[in-house]
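Comments concern the structure below.
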Amino acid sequence: MHFLLYPKRLSYICLHFNRQQERMRTGRIERETKVVRKMIELYCRYKLHLKEMPDEYVQLCDYASKRLSHCRYGDAKDACQRCRTHCYAPAQREMIRKVMRWVGPRMLLYAPLTTIRHWMNR
């Protein structure tokens, strides 16, 4: 009833809602790349007690970013853990698994907003 009196307000609300939906839909690869980078940073900072990422973890981050950007499923992809096509090399897969196994349960504690956004966009 309120919207019948204010058609401009309704169009503004619809436009705002569409932008939010579009923002959530597009860029899944970018969001996952940021989450993986954040997880690797948290692992290096809290597990390894280093302020900066060592070269091997910088390379792992770059490798993960490259793999995500070349994902054959694109923005329609599922979580890498449930993917039918494993595109990581065995050594990198083991490293990323080790990182995620440690950071996963602690992610909500160290990066709550990132974690909640990641869970919402699954």
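The values are calculated or read from the model by the stated rules, or taken from the named source; none is laboratory data. Owing to the predicted nature of the structure, the values given are computational and were not obtained by experimental measurement. Reconstructed Cβ throughout: ideal geometry from the backbone, glycine too, with neighbour counts over all protein chains shown.
Tabulated results
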quantity	calculated
Filtered residues of segment 95-122 (kept if closer than 25 Å to Gly74 by Cα, among the aliphatic types (A, V, I, L, M) and surrounded by fewer than 13 Cβ atoms within 10 Å (Cβ to Cβ))	Leu113, Ile116, Met120
Condition met for Arg84 (among the basic types (Lys, Arg), more than 17 Å from Thr114 (Cβ to Cβ) and exposed (fewer than 12 other Cβ atoms within 10 Å of the Cβ))	yes
Subset of segment 50-81 [hydrophobic (A, V, I, L, M, F, W, C) and surrounded by 11 or more Cβ atoms within 10 Å (Cβ to Cβ)]	Leu50, Met53, Val58, Leu60, Cys61, Ala64, Leu68, Cys71, Cys80
Residue in segment 39-48 that is closer than 17 Å to Ile116 by Cα and either surrounded by 10 or more Cβ atoms within 10 Å (Cβ to Cβ) or basic (Lys, Arg) (or both) present	yes
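To keep it simple, each residue is scored yes or no on (1) acidic (Asp, Glu); (2) at pLDDT 95 or above; (3) within 18 Å of Glu30 (Cβ to Cβ); (4) out of contact with any Asp or Glu (no Cβ under 6 Å at 6 or more places or on another chain).
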| position | (1), (2), (3), (4) |
| --- | --- |
| Leu50 | no, yes, no, yes |
| Glu56 | yes, yes, no, yes |
| Arg67 | no, no, yes, yes |
| Tyr73 | no, no, yes, yes |
| Cys80 | no, no, yes, yes |
| Pro90 | no, no, no, yes |
| Met100 | no, no, no, yes |
| Met120 | no, no, yes, yes |
